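K.L.:
Right, I'll just put the structure down here and ask away after.
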Amino acid sequence: MTAIDENPTLAETDYGTPRVASGAPATVTIDGREVTVPAGTSVLRAAAEAGIAIPKLCATDSLAAFGSCRLCLVEVEGGKGTPASCTTPCTDGMVVSTTTEQVRGLRRGVMELYLSDHPTDCDGCARGNCEMQRLARDTGLAEVRYGFDGANHLADTTDHSNPYFDYDPAACIVCSRCVRACSETQGTFALTVEGRGFDSRVSAGGTDFLNSECVSCGACVQACPTDALTEKSVVSLGMPTRSVVTTCAYCGVGCSFKAEVQGSGDDTRVVRMTPWKDGGANEGHSCVKGRFAYGYAAHTDRQMEPMVRDSIDDPWRVVSWDEAIERVASGFRAVQERHGVGAIGGISSSRCTNEEVYVVQKMVRAAFGNNNVDTCARVCHSPTGYGLNHAFGTSAGTQDFASVEQCDVMLVIGANPTDAHPVFASRMKRRIREGAKVIVADPRRIDLVRGPHVEATYHLPVRPGTNVALVNAMAHVIVTEGLHDAAFVASRTEGAEGYLEFIARPEHSPEATEAETGIPAADLRAAARLYAGGPNSAIYYGLGVTEHSQGSTMVMGMANLALLTGNLGREGVGVNPMRGQNNVQGSCDMGSFPHELPGYRHVSRPEVRAIYESLWGVTIQPEPGLRIPNMFDSAIGGSFMGLYVQGEDIAQSDPDTHHVEAALRAMELVVVQDLFLNETARFAHVFLPGSSFLEKDGTFTNAERRINRVRPVMPSRVGKDEWQVACEIATAMGYPMSYEAPSQIMDEIAATTPTFAGVSFARLDAEGSMQWPVNDAAPHGTPTMHVGSFVRGLGQLTPTVYVPTTERANRRYPLVLTTGRILSQYNVGAQTRRTPNSTWHPEDVLEIHPSDAEMRGVSSGDVVELSSRVGTTRLTALVSDRMPAGVVYTTFHHPVTGANVVTTENSDWATNCPEYKVTAVQVQVVTEASRREASVEADQDVGSSASMPVGAMARHRR
């Protein structure tokens, strides 16, 4: 393990204007030192590369050159004066002096003016957290002649409204770094400067931070050189003493952070999480979850000891690790003796490391003796694996995140990046502001349709369930109007003749599909032409694509669009799935599907099985095991009786909750390993405590195939790492399995998985993150896939027949429910609900169109009953025109809502991915009489619900 410790006390500022690698290099002389730099390099950056430090205030690596602070003035020979070095590009032969008496005098004068507007008793100065004091020393300023009046500043009170940071106007020097970070880095434009001179103020839209457009990404706090914007954790705990670089455990962007801490060992306390500027995925940016919502790891709800019980009606009993592991092993063996080898299985976690997931699938195959292993990707992105593998030969996105900077047209389908993947969304918004066009295909008006300085060229409000008809219509326009790349199709695809004949049929035209999709034919034709004309067009998609009965078909349909137009194999193009959880890509890479071994190699291939049979010393079954839905059905049927669940809450996250709960009740042994007693733990017989990302040692793989190191900030708080637990269960079941460290597990992965052949902890620690495949052909990774040829050779064009979903609105259930996420919460909310993020989203609400609300007498704030053919729940209504008439929308972050009580058993034809996005429902206002009736039922049920988590009890009352 390599821990990267740095001085964390100062804001990270660097060299100003980035290099622009175009034109001839320039050789400049700075303070007598000669340095050659690429064309367009600023004098400030050139000086830094020559080892010369120039004082600066407004210049940072993450912001465009501004030139406002005048602290970085230099003297240029030849009568060029004293320009700002951050905005002055180097020219060949330039001679620069940075420490002449004239320059030093100008800097001292500027610095003195800044400090005249800064209090002498700044708390940040006392904590050593104020950049102004360092700059005063660097400029040689000994005293401030003007003093600090402060009357204007002190008239303003500190804004404590944000749960994570304070804004103290008294310490603000109005340098505008926070304003620029909000606009340039985050793209929210929530902050402005109001007033002039000493009356100027940084304002959060004329209100406090909590009620403004601020999204709490922390960019302003990171940029602030004074104590004006300060994390509350720093105020309460003091400054950190060391830091460790690790990877965020929320979404699939995979941001790198410095976990800044105090203490060591069991006494370690996290003070703050600072986005790491060298993080390949985030490059120093963050969102509210990764930046601030880490407190769940130390929440009092965490279960720190193993527990067992004989029946789910019994109370839990705390036991030792040895007793818990023996109970698991003996219980699973007993189940197999009664019901057969295939009667048990496991579900791996997309929140765990690659190494932890790998040992779980190995435990199932080697110790359990079957292929009954699955992962949460089954219910989110399994169609991505199927569709992209079919079309291109590999089950992953084609580009890195930086590729969007070369994109001219973005087609965003079924994804809400600003809420679900906000750091990458900031990149998208920046590119849109630079001139890229965006087409949004989504029933809901997401922020990319119309937001601050961002507006979609086309919004295609596709009716839920008709995605395939939409993509077919776009392809029809491209082919029939001759907009496809005929040369690319001829040289790099197969199946073209059949596909082109299929897609040119009249029934695929925008006019023929308009009644089905709800999209005006003219808009769809224009959007198709825009995508085809690029020149660089990229597709970004999310769960609004995959969580359908035709999810796999739709993924192949998007691949068809990219193949038709030649938008593959270079920067700025591609087909890019926006992965939901931090390691959903990695959990799939590691062989967590019942039909695949690591590296997406089918278990039926004898040469692949031979690799693992030789290494593991066991026989691997050539037939695929049970998928998660098959496990549930088999449990109810009496043939699948034991389940190990690692870090997933299937009783809340999986569809048709009543069916899931019935399956869990039917099992003889359910083992849950997690941080908290979740909804699934209500049906468990053994609970094994898990470790948070702050305690993990290993790797995560993000949506762009980037393998990032996860380094432990503190020892495991529960006494064992999760990979050790899986090894000990396997050993207790009769299959000896052990490793000295997670690095050894990665070595085994690299030795057996071609796409990871060049990966090791040592290389990742030395060189930074890498994107698979990493092998002899690509020793430093592969940012862009399918350059020159596809993994499968030729790209596969496939006819994508549109089959309407069987889940249709009808007289009894006339509305269609679709679901999604919100910025402040994450998945089932187990982590974010245990942080102040719930300030913004304390409950799931049901968005309903004004016309649908009026018809039902619904007003915002009303409690409504949401019912489908499989279940009923209650939510608070929000009347909104973000959804079209006939469609309602909610999130699924709170167990008290139990949104999946109403979702049905419908699933994707190829992968069994649930059709979360299309459920026929009815909505009606809850009357006072029905509320009283529910209250009586709750009183009667309370006795039988004593062992339930709070959220489960609340839902049970309904």
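Read the figures in this text as sums done on the coordinates, not as results from a lab. Fair warning: this is a prediction, and the values are worked out from it, not measured in the lab. In this analysis, Cβ positions are derived from the backbone assuming ideal geometry, glycine residues included, and neighbour counts consider all displayed protein chains.
K.L.:
Order the peptides 297-304, 689-696, 871-878 from the highest to the lowest mean number of other Cβ atoms within 10 Å of their residues.
P.N.:
Going by the mean number of other Cβ atoms within 10 Å, highest first, we get 689-696, 871-878, 297-304.
K.L.:
Measure out, as a whole number of angstrom, how far apart the alpha-carbon centroids of the stretch 690-720 and the stretch 548-589 sit.
P.N.:
27
K.L.:
Counting DSSP beta bridges with both partners in the chain, what percentage is antiparallel, nearest 5?
P.N.:
Percentage antiparallel, nearest 5: 55.
K.L.:
Antiparallel as a % of all DSSP beta bridges within the stretch 382-577, to the nearest 5?
P.N.:
Approximately 10 percent, going by the DSSP bridge assignments.
K.L.:
So how do 886-895, 78-87 stack up, highest first, on mean other-Cβ count within 10 Å? Write out the running numbers ahead of the final one.
P.N.:
Numbers: 886-895: 23.3, 78-87: 17.3.
Per-residue mean Cβ counts within 10 Å order the peptides as 886-895, 78-87.
K.L.:
If packing is taken as the average count of other Cβ atoms within 10 Å, what order do 252-261, 484-493, 763-772 fall into, highest mean first?
P.N.:
Averaged packing, sorted descending, gives the order 252-261, 763-772, 484-493.
K.L.:
I'm checking a number: the convex hull volume of the Cα atoms of the stretch 689-841, normalised per residue, in Å³. What is it? Display every interim value, and only then the final one.
P.N.:
Numbers: hull volume 39.2 nm³, N = 153.
Cα-based convex hull of the stretch 689-841, divided per residue, equals 256 Å³.
K.L.:
Going by alpha carbons, how many degrees (0 to 90, nearest 10) lie between the helix axis of 742-752 and the longest principal axis of the chain?
P.N.:
70
K.L.:
Please report how far the C-alpha centroid of the stretch 329-371 lies from that of the stretch 177-206, rounded to the nearest whole angstrom.
P.N.:
Measuring centre to centre over Cα atoms gives 54 Å.
K.L.:
Enter the Cα centre distance for the pair the stretch 233-309 and the stretch 724-766, rounded to the nearest angstrom.
P.N.:
For the stretch 233-309 versus the stretch 724-766, the Cα centre distance is 25 Å.
K.L.:
Viscosity 0.692 mPa s, temperature 37 °C: give me the Stokes-Einstein translational D for the stretch 429-544 in µm²/s, with Rh taken as the Kirkwood radius over C-alpha pairs. Mind dumping the intermediate values first?
P.N.:
Numbers: Rh = 15.1 Å.
Result for D is 218 µm²/s.
K.L.:
Per residue of the stretch 795-810, in order, report the coupling 6.51 cos²θ - 1.76 cosθ + 1.60 (Karplus, θ = phi - 60°) as ³J(HN,Hα) in whole Hz, putting x for Gly and Pro.
P.N.:
x, 9, 8, 10, x, 10, 6, 7, 10, x, 5, 6, 8, 10, 4, 9
K.L.:
Turning to a different aspect of this structure: On a 20 Å Cα-Cα criterion, which of the cross-link pairs LYS258/LYS429; LYS56/LYS258; LYS437/LYS917; LYS258/LYS289; LYS232/LYS720 come out too long?
P.N.:
LYS258/LYS429; LYS56/LYS258; LYS437/LYS917; LYS232/LYS720
K.L.:
Tell me the net charge near GLY788. Cut-off is 12 Å between Cβ atoms, GLY788 excluded, with +1 for each Lys or Arg and -1 for each Asp or Glu.
P.N.:
My count for the surroundings of GLY788 gives +2.
K.L.:
Same structure again: Just the number, please: percent antiparallel of the DSSP beta bridges in the stretch 648-778, rounded to the nearest 5.
P.N.:
Antiparallel bridges make up about 60 percent of those DSSP assigns within the stretch 648-778.
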